[in-house]
Amino acid sequence: MTRNIDRDLTRFKDIVRGKVRQNLRRYINHSEMIGRKGKNTVSIPVPNIEIPHFRHGPKGSGGVGQGEGDVGQSVGPGGQQQGDGSGQAGSDPGSGHYREVEITLEELADLLAQELQLPRIEPRGKDSLVSVKDRYTTIAQTGPESLRHFRRTYRKALKRSIASNDYTPENPVIVPTRDDCQYRSWKSITMPESNAALIYMMDVSGSMLDEQKEIVRTEAFWIDTWLRRNYDGVEVRYIIHDAVAKEVDEDTFYHTRESGGTRISSAYKVCKEVIQREFPVSDWNIYCFQFSDGDNWGEDNSACLRMLSEDILPHCNLYCYGQVESPYGSGEFIRELRRLVDQNDNLILSDIPSRDAIYESIRKFLGKGK
């Protein structure tokens, strides 16, 4: 039987989820939630939820239709018209309060899928990685007392007592013997796992400013949230480049700024090395996300595209290129990549001119369910 408090809690959670989904586009396009992210949950500011209730006026102030008055006169205390902006400042608290509520990343991913109508991801290839898990699904005659199954032990002792005529309803004392004891026992089972490798690449040359990097960070948060909802294990690698590329940690990825030029092929070389070294295609679902302002100075674009199409695209579930708009970037490279789109259905391109474009960019990247 469900208690009233349980029903109320469930209803409150449904209301909170509705508020979060109602404002999800704003959350997606801005980075305010990233700083509130914990290990498995995230804190979200939602408008304070007020339960409707009657508010009574002063005692003796009369009721509806009582007393003197003119047509259109306010029925509020004092009979003054409301909303003219006049009057002194009040001492009561305002109504624009926000409440911090915690929601799990799994729930957040489900809300993202509902809002963007994202299909569930179908892992590519076979799930060749397996894990061994213990499940307490059997009963054993021996084991530690902490795992003793009381009901089964009592039942067996009762049967023995009745069979040996030791049981009397007037004195129903049952004393289990060692042979009566039953213990919970585990069985090791192997379970296939679908694992995903995320490789982020970003141009950190002088033309990429802090605003562009914050857009990348926000979009990566939502991509991570969705892919972790679809896969048992996710490994993330970060590559930065200007004229030279290198693999770095997450903090360095988002906070490094160089002053050199841009050579995209250097990032492709490091990406290829990471895939070959750590993520065999038969065992991993590989996702690459590249962010740049479109510069690629000092090298042949055709050679760069050939490296991408021959060494990286055949190994990826998805290769997503997001071009963020910068006042100093040329924006040329996305036009070169469009030459490969017709031959590679796992290549997704997205223009991200500002924060407001993050929402549609995520939909474009993840909307194929690959």
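Where a number appears in this text, it was derived from the coordinates with a stated rule and is not lab data. Predicted model only: the values in this text are computed from it and were never measured. So basically every Cβ, Gly included, is an ideal-geometry build from the backbone, and we count neighbours across all protein chains shown.
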Evaluate E = 1/(1 + (r/R0)^6) for Arg184 and Val281, where r is the Cβ-Cβ distance and R0 equals 56 Å; express this FRET efficiency to the nearest 0.05.
0.85
Pop a pseudo-label 7 angstrom from the Cα along the beta-carbon direction at both Asp249 and Glu106 and give the gap in nm to one decimal.
2.9 nm
Between Arg152 and Asp345, how many nm apart are label points set 7 Å from Cα along the C-beta direction?
5.0 nm
In region 215-308, trypsin sites (Lys or Arg not before Pro) in a DSSP loop with at most 15 other beta-carbon atoms within 10 Å:
Arg257
Given the peptides 358-365, 334-341, arrange them by the average over their residues of other C-beta atoms within 10 Å, most packed first.
358-365, 334-341
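For every other residue with a beta carbon closer than 11 angstrom to the beta carbon of Tyr200, add +1 if it is Lys or Arg and -1 if Asp or Glu, then tell me the sum. It would help to have the intermediate numbers written out before the result.
Working: positive: Arg217, Arg237; negative: Glu219, Asp224, Glu247, Glu250.
My count for the surroundings of Tyr200 gives -2.
Quote to one decimal, in nm, the extra length available between Thr168 and Ser302 on full extension: 0.36 nm per residue of separation minus the C-alpha distance between them. The partial results should precede the final answer.
Working: separation 134, 0.36 × 134 = 48.24 nm, distance 9.26 nm.
Additional length available on full extension: 39.0 nm.
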Label-point separation in nm, Ile139 to Glu235, each point 7 Å along Cα→Cβ:
4.4 nm
How about region 312-355: which chymotrypsin sites (Phe, Trp or Tyr not before Pro) there lie in a loop by DSSP and see at most 14 other Cβ atoms within 10 Å?
Tyr328
Cα gyration tensor of region 194-366, axes a ≥ b ≥ c as square roots of the eigenvalues: rounded (a/c below 1.5), prolate (a/b > b/c) or oblate?
rounded
